[in-house]
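A.B. asks: Got a structure here, written out as C-alpha cells. Questions coming.
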There are 2 protein chains.
Amino acid sequence: MPILTRPTGRPNFANCADKPNSQARSGADMMSPSPCHSSLTMKELNQRIIEMQYAVRGPLVIRAAEIESELKQNVKKPFNSVIRVNIGDAHAMQQHPITFIRQVIAACTYPPLLDCAQFPSDVRERVRLLLGDCGGCSVGSYSASVGLRVVREHVSEYITRRDGGVLSDPENVILSNGASEAIRSLMKLFNHPGPDGKPPGVMVSTPQYPLYSATIAEYGICRIDYYLNEEKNWALDVAELKRALEEARPKCHPVLLCVINPGNPTGQVLTRANIEDVIKFAHEEKLFLFADEVYQDNVYDPDSKFHSFKKVMAEMGPPYSNMELASFHSASKGYMGECGLRGGYAEIVNMDPDVFAQFKKSISAKLCSSVLGQIAVDCVVKPPVPGEPSYELFAKEKAEVLKNLHDKASMISEALNSIKGVKCNKVQGAMYAFPRILLPPKAIEKAKSVGQEPDFFYAMNLLESTGVCIIPGSGFGQKEGTFHFRTTILPPPAVFQDFIERFTKFHEHFMSVYG
Amino acid sequence: MPILTRPTGRPNFANCADKPNSQARSGADMMSPSPCHSSLTMKELNQRIIEMQYAVRGPLVIRAAEIESELKQNVKKPFNSVIRVNIGDAHAMQQHPITFIRQVIAACTYPPLLDCAQFPSDVRERVRLLLGDCGGCSVGSYSASVGLRVVREHVSEYITRRDGGVLSDPENVILSNGASEAIRSLMKLFNHPGPDGKPPGVMVSTPQYPLYSATIAEYGICRIDYYLNEEKNWALDVAELKRALEEARPKCHPVLLCVINPGNPTGQVLTRANIEDVIKFAHEEKLFLFADEVYQDNVYDPDSKFHSFKKVMAEMGPPYSNMELASFHSASKGYMGECGLRGGYAEIVNMDPDVFAQFKKSISAKLCSSVLGQIAVDCVVKPPVPGEPSYELFAKEKAEVLKNLHDKASMISEALNSIKGVKCNKVQGAMYAFPRILLPPKAIEKAKSVGQEPDFFYAMNLLESTGVCIIPGSGFGQKEGTFHFRTTILPPPAVFQDFIERFTKFHEHFMSVYG
C-alpha cells in the first residue's frame, strides 16, 4: 500500500486567460484570451475570509469528491468506493427519513394530497394547522422573520415538557436555517469592542466544531480557547475555563461562553454538576451563554443523561435563573437527520429586551428561514403521541435509528481501542468519535517536510490509500503535540465494518513505514 | 376619519424584572424579580446592528400585525381588514402556486408518491433525476455548499438559452437561500480597506431595495448613492453614476456597483443602451458588477424587454466580456412567487479563481442552502416544455399569473395618477409602484413635530385609518424634499380595488386636513 504525499487538494485553477469561470460563446469574441484586470484579487479580498477555515468541508473532502469521480472513470485504485465519515450527514449514509416528517412536508407543499388515503388523519390535521398559519395558506409565503407562530409555540411546549415544567415563552424562540444560522446571527451581536477598546472575546472549547472558529474568524472576534480534558473523557473543567479567561484578558474583552453538549467532535455528555459549575463561572464572569444542544436526542451511554442548560439554570434559582442564555436545536441531527431541510431554532432567555428587538430587526433583512425547514422543526418538537395513527410507525422508526447509533457508538470505541497507537474515549453521545493517534516522530517529520500538519498528512494518506475520508484533529483544535481525527458513527453496518477494516489495515501499514 | 399621530410602533417592552422573555416556572424561584445584570445591553451591542434598517419589515409592518390582532379581538376600527401591500409576497396575496413545482417538491420529499397516479410522468422523471443527485437519494442530505450539481447544470442551461447562446458554466453557479443570501455572502468579500486605507465603497441606487442598505450598514461598508432619474421613468444616468463616484472618492475606495433591473422599488426596465453605458462605466472605474435580476420574468410594458447584464457584456466583446459580474435570480418572484421556499442562485463570471475558491470556502461553514429551495430553483429554470404531460397546465398557470400582474401594473399607475397630489411613473416591470406624493407643508411640519419622517407619518396615518400597509419612500431612499411610498401590485382584483378606494379616500382626507 503506497504512502503518498499530495498537495493539500486545493483546486488547481488555470491562469486567467483560460480560467474555468471565464465565459465562452459560439462566436469567437468571448474566447480570445485577454489580460487579467480583476477588480477583486486576493489582495483586495476581505482578509477574514482568507483566515476562516471549515475543515468539515475542507481539502480532504474536496479530494474525496475527486477520487469518487476518478473511480467512476475507472481509474484503478486499491479500493472501489469512498467512505465518507467526515460529516454528520445521516441520510447520505442510508439512514431512512421519518415517515411522519416527510408526509407532513409533502402535503404542506401540495395540499391536494390531503385527499390522499395514504396519509393518516394526524398528518392531515397537522398540515391544516400549519397551512392555517401561512400567508394565503401557502408554504410559498414568507413567514415572519422569527418564523411561523404555531411552530414557535410548539417549540416552547416541547422545551417546557423536556425541562420538566420550566416554562418557555414562544416569544423567545426564533426559527432559522439550521442551528448554524441562529448561532451565526446571534454571535454577530457581540461584535463590539469593550470599554477599554479591546476586541470582544468568545470562549470556545478545544476541540470544537469549526462553525465556531470559522464564524469568529469571519467576524474578527478574539477566540479564547479552553481545553476539554481528554483524560477525563473530554470533561469541561472550570479551572481550565478560568485559566483560559485570565490568559486572554490582556488582549480582549470576554463576552460569551459557548458550550457544545453533547460534544462535537468529542462525543461527551456533560454531567449536571459540571453544567452547574459552568453556569456559576459564566455568572461570575458576566458572560452570555450559548448552549449548542443539537445532539440532545443522541445520548447512548446508560450512565449519561442530557441536561439542558436552561433547566439547570432554572433549578439553580436566582441569580442564575436570570442569566442570559441562547440554546440551539436542529432538525439535522437526533434520529431525524434532516440536514438538507435546514430547520433549526434558538431559544433566547433573559436577553435585554432592547437588544432582543435589535436582533429581530437584524434578521429581518434575510426575510425568513425556509418555511419547509420550519415545518420539519414542527414535526421534531411535536411528534406523534400514543393513540395517534402515525405514532406506531414513528416510534418504530425512531427507535431503530437510535438503536443503530447506540450500537455503533460502542462498537467504534472498542474497535479503535483495539488498534495499537489509537486511543478513543467512550462515545457517550452525539455522532462522532475523536480518537487520539500516536504518530511516530518519523511520520511527523515527513509531514513537516511536505508542509502539512501531521494529522492532515495521516488523513490524506488514509484517503488516498483506502478511500476513507476522516477529518484531521487540527481542523477542530487539539493540545499541542497531540494528534486526533474525527469520524462519524453513521455508516450502515456493512460499510461501518468495511471502514474499520480499511482503517485498521492502513494504520498498521502506516506505523510499519514510519514507526 | 381621524388623523392619528402614533409613536413609531416600536414594541413597548416592560422593564427587566417582568420583561417578556424572562423565564417563569411552576415553582416561585424563577418569578422573583431580581436586579438586571445583562451582559449584553444596547451599549455593548454591535453598533452596526443598530444602524441597519430594513423598512420592508419595519415599524409599519409590526403595527399592521398588531392591528390585525386587534381586529380579531373585535376592536372597532373604520375598516375590517388589513391590506398588506408592503412586501412582494405573492402567495400571501392569494396567487396560486405552480402545480409542477409543488408536485416535484412533494414527491422529492416523500418518494412513495412516485407510485401516485396523480403525478404526471415528467414530474416523476424529474424527481428521480434530482434524488439521484442527493446523498442517499434523500433531500435530507446536505448538498455541496454550492448546491446540487444537477440543479447548477440546469441553471446554466437556462442562462445559455435565455441569453441566446452566450454560454454559461455550471461551475460559476452557486445556489442559495433566496437571492438575498447570495448577495449578502458575495458582498462580504469586498469588505476590505483600499490601498489608501479608505473603507470600501459600494454603489447602490436611490431609491433601492433595503437589503442593500441593510447589508452595507451591517458590514460597515461605505454606501455610495446614485439617484435614479424619476423624470425619465427612473432611468439610470451614467452622468449621475460619475457624479456619485467622484463625490464619494475622498472618503472611500469604490469597488462594487449594484444595479437592480427590473427595478425595485421603482419598477423600471433598463434599455439595452442604458445597460451598455453602465457596463462601460464599470469597466472604466474597475468596478465589480452586481446585477440583481430577480424580476427578469416580470416585464409588462410592451415597449420594454429584459436584457441580462451577462448577455450585453458578452455581445459587447472584449474588454467588457471579461469583466467581473455576479447576477442573481430567485424562485421568489416571477410567476412562481415561492418566497417561503428560499431558493435562489448567483452566476459569477470572470472572478479571480483564487478569490472564487475563497468564496466557496466561506459559504461552506453554512453547510448548504435548503435542498427543497434548490429543487424549486430547478423547476423554475427547467419548466415543462411543449409535449411534456405537465406543459399545458404549467403554461396556463404561468400565463394567468403574468396576465394578472400585467393588468394590475397598468391599473395602478392609472389609478394613482388620477389622484391629485400623487404622481406615478409607468410600472414597466417588477411588482411595485413607487409613486411620489406631494405632501403639503403643514403635514411636513406636523410630522416633524412628532419626530417622524413626513412620508412615514403619512403611511402610518394611512395604516391607522384605513388598514392599508405601504412602505414610506424614506425606507428606500429618495431625493431630499421629495416623498414617495412603495406599494406592491399583488393583491387579487377585488382587494386591489378596495385598496385603491381606501387609499384615494384617505389621501383626499389627508390633503383636506393639511392642504
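A.B. asks: Which one, A:288, A:365, B:300, is farthest towards the positive end of the dipole of the protein assembly as shown when Lys and Arg carry +1 and Asp and Glu -1 on their Cβ?
C.D. replies: A:288
A.B. asks: Using unit Cβ charges (K, R positive; D, E negative) and no other charged atoms, how large, in debye to the nearest 20, is the dipole of the stretch A:299-360 about its Cα centre?
C.D. replies: On the way: 6 positive and 8 negative charges, 39 e Å.
Dipole about the Cα centre, nearest 20: 180 debye.
A.B. asks: First check a/c for the stretch B:314-359, with a ≥ b ≥ c the square roots of the eigenvalues of its C-alpha gyration tensor; if it is under 1.5, answer rounded, and if not, answer prolate when a/b is larger than b/c or oblate otherwise.
C.D. replies: The shape class here is oblate.
A.B. asks: For residue A:211, tell me the accessible area in Å² from a 1.4 Å probe, rounded to the nearest 10.
C.D. replies: 0 Å²
A.B. asks: Cα centroid distance between the stretch A:285-348 and the stretch B:285-335, in Å?
C.D. replies: Centre-to-centre (Cα) distance: 45 Å.
A.B. asks: Apply the Debye scattering formula to the stretch A:128-197, with a single equal point scatterer on each alpha-carbon and no solvent, then give log10 I(q)/I(0) at q = 0.18, 0.22, 0.26 Å⁻¹.
C.D. replies: Each listed q corresponds, in turn, to -0.82, -1.01, -1.14.
A.B. asks: Lys and Arg at +1, Asp and Glu at -1: add these up for the other residues within a Cβ distance under 14 Å of residue B:392 and post the number. The partial results should precede the final answer.
C.D. replies: Values: positive: B:396, B:398; negative: B:122, B:388, B:397, B:400.
Combined, the nearby Lys, Arg, Asp and Glu give -2.
A.B. asks: Quick one: P(r) of the protein assembly as shown from all Cα-Cα pairs, 20 Å bins, percents rounded to integers, in order of increasing distance.
C.D. replies: Histogram of Cα-Cα distances, whole percents per bin: 13, 45, 36, 7, 0.
A.B. asks: Are there any trypsin sites (Lys or Arg not before Pro) in the stretch A:300-358 that are in a DSSP loop and have at most 15 other Cβ atoms within 10 Å? List them by number.
C.D. replies: Numbers: sites: A:305, A:310, A:311, A:333, A:342; in loops: A:305, A:333, A:342.
Filter output for the stretch A:300-358: A:305.
A.B. asks: Moving to a separate point now. Per-residue HN-Hα couplings for the stretch B:335-349, Karplus 6.51 cos²θ - 1.76 cosθ + 1.60 at θ = phi - 60°, whole Hz, x for Gly and Pro?
C.D. replies: 9, 7, x, 8, 4, x, 7, 6, x, x, 8, 10, 10, 10, 10
A.B. asks: Amide H neighbours of residue B:206 under 5 Å, counting only residues 5+ apart in sequence or on other chains, H built in-plane at 1.01 Å?
C.D. replies: Excluding prolines and chain starts, which carry no amide H, the hits are B:226, B:227, B:228.
A.B. asks: Which distances, shortest first and in nm, link residue A:440 to the matching position in the other copies, using label points set 7 Å out along Cα to C-beta?
C.D. replies: Residue A:440 label point versus its equivalents elsewhere: 9.4 nm.
A.B. asks: Compute, for the protein assembly as shown, the length of the dipole vector about the Cα centre, with Cβ point charges of +1 (Lys, Arg) and -1 (Asp, Glu) only. Units Debye, rounded to 20.
C.D. replies: In debye, rounded to 20, the protein assembly as shown gives about 440.
A.B. asks: Mean separation of Cα pairs under 8 Å and 6+ residues apart, divided by the residue count of the stretch A:102-381: what relative contact order is that in percent? Write down the numbers at each step before the final one.
C.D. replies: Numbers: 484 pairs, mean separation 63.9, N = 280.
Normalised by residue count, the contact order of the stretch A:102-381 is 23 percent.
A.B. asks: Is the stretch A:42-107 rounded, prolate or oblate when judged by the Cα gyration tensor, a ≥ b ≥ c being the square roots of its eigenvalues, rounded requiring a/c under 1.5 and prolate requiring a/b larger than b/c? Let's see the in-between values first.
C.D. replies: Details: a/c = 2.83, a/b = 1.21, b/c = 2.34.
Here the stretch A:42-107 falls in the oblate category.
A.B. asks: Can you bin chain B into rounded, prolate or oblate? Criterion: square roots of the alpha carbon gyration tensor eigenvalues sorted a ≥ b ≥ c, rounded for a/c under 1.5, prolate for a/b above b/c, oblate for the rest.
C.D. replies: Details: a/c = 1.30, a/b = 1.22, b/c = 1.07.
Here chain B falls in the rounded category.
A.B. asks: Before anything else, pin down the relative contact order of the stretch A:66-132: Cα pairs under 8 Å, at least 6 apart, normalised by residue count, whole percent.
C.D. replies: Across the stretch A:66-132, relative contact order equals 23 percent.
A.B. asks: Tell me what chain B gives for mean residue ellipticity at 222 nm when only DSSP H runs of n ≥ 4 count, each as -39,500 (n - 2.57), the sum divided by the residue total, rounded to 500 deg cm²/dmol. Please list the in-between numbers first.
C.D. replies: Values: 16 runs with 203 residues, N = 515.
-12500 deg cm²/dmol, from helical runs alone.
A.B. asks: Could I get the Rg over Rh figure for the stretch B:109-244? Both from C-alpha atoms, Rh via Kirkwood, rounded to two places.
C.D. replies: Ratio of gyration radius to Kirkwood radius for the stretch B:109-244: 1.12.
A.B. asks: Put +1 on the Cβ of every Lys and Arg and -1 on every Asp and Glu Cβ in the stretch A:102-381; which of A:207, A:238, A:110 then has its Cα farthest towards the positive end of the dipole?
C.D. replies: Among A:207, A:238, A:110, the one farthest towards the positive end of the dipole of the stretch A:102-381 is A:110.
A.B. asks: Quick one: compute the contact order of chain A, relative version, from alpha carbon pairs under 8 angstrom and 6+ residues apart, as a percent.
C.D. replies: With pairs under 8 Å counted, the relative contact order is 21 percent.
A.B. asks: List the lysines whose Cα sits under 28 Å from the Cα of residue B:448, skipping any in the same chain fewer than 8 residues away.
C.D. replies: Qualifying lysines at Cα under 28 Å: A:360, A:361, B:43, B:77, B:420, B:423, B:479, B:505.
A.B. asks: How charged is the neighbourhood of residue B:200? Take every other residue with its Cβ under 14 Å from the Cβ of residue B:200, and add Lys/Arg as +1 and Asp/Glu as -1. Numbers along the way, then the final one.
C.D. replies: Details: positive: A:43, A:48, B:188, B:198, B:223, B:249, B:251, B:286; negative: A:44, B:196, B:218, B:285.
Value of the local net charge: +4.
A.B. asks: Go through the stretch A:444-454 residue by residue and turn each phi into a ³J(HN,Hα) via Karplus (6.51, -1.76, 1.60, θ = phi - 60°); whole Hz please, and just put x for glycine and proline.
C.D. replies: 5, 4, 4, 4, 4, 5, 9, x, 10, 5, x
A.B. asks: Leaving ligands, DNA and RNA out of it, work out the accessible area of residue A:102 with a 1.4 Å probe and give it in Å² to the nearest 10.
C.D. replies: 10 Å²
A.B. asks: Quick one: label points 7 angstrom along Cα→Cβ at residue B:243, distances to the other copies in nm, smallest first?
C.D. replies: Taking the point 7 Å beyond Cα along Cα→Cβ, the inter-copy spacings are 6.5 nm.
A.B. asks: Additional query: Considering amide H positions built from the backbone, and no H for Pro or chain starts, which residues 5 or more places from residue A:288, or on another chain, come under 5 Å of its amide H?
C.D. replies: Amide H neighbours of residue A:288: A:256, A:257.
A.B. asks: Placing +1 on the Cβ of each Lys and Arg and -1 on the Cβ of each Asp and Glu in chain A, which of A:80, A:186, A:269 has its Cα farthest towards the positive end of the resulting dipole?
C.D. replies: A:80
A.B. asks: Find how many whole Å separate the alpha carbon centroid of the stretch B:449-515 from the alpha carbon centroid of the stretch B:46-116.
C.D. replies: 20 Å
A.B. asks: By DSSP, what percent of the beta bridges with both residues in chain B are antiparallel, rounded to the nearest 5?
C.D. replies: Values: 19 of 40 bridges.
The antiparallel proportion sits near 50 percent.
A.B. asks: In addition: What number comes out for the charge environment of residue A:219, summing +1 per Lys or Arg and -1 per Asp or Glu over other residues with Cβ under 12 Å away?
C.D. replies: Taking every other residue near residue A:219 into account, the sum is +3.
A.B. asks: Which value, in debye to the nearest 20, describes the size of the charge dipole of chain A about its Cα centre when Lys and Arg Cβ atoms bear +1, Asp and Glu Cβ atoms bear -1, and nothing else is charged? List each step's numbers first, then the result.
C.D. replies: Numbers: 56 positive and 57 negative charges, 228 e Å.
With Lys and Arg at +1 and Asp and Glu at -1, about 1100 debye.
A.B. asks: Treating only the Cα positions of the stretch B:102-381 as identical point scatterers, give the base-10 log of I(q)/I(0) from the Debye formula at each q in 0.08, 0.10 Å⁻¹.
C.D. replies: Cα-only, vacuum Debye calculation for the stretch B:102-381: -0.34, -0.53.
A.B. asks: Further, regarding this structure: In sequence order, what are the phi-derived ³J(HN,Hα) couplings for the stretch A:129-135 according to the Karplus relation 6.51 cos²θ - 1.76 cosθ + 1.60 with θ = phi - 60°, rounded to whole Hz, with x for glycine and proline?
C.D. replies: Taking θ as phi minus 60°, the curve returns 4, 5, 5, x, 9, 9, x Hz for the stretch A:129-135.
The values are calculated or read from the model by the stated rules, or taken from the named source; none is laboratory data. All of these numbers come straight from a predicted model, not from anything done at the bench. Positions of Cβ are backbone-derived with ideal geometry, glycine not excepted, and every protein chain shown enters the neighbour counts. We work out accessible area using only protein heavy atoms, side chains counted, and drop any ligands, DNA or RNA first. Shrake-Rupley method; radii C 1.70, N 1.55, O 1.52, S 1.80 Å.
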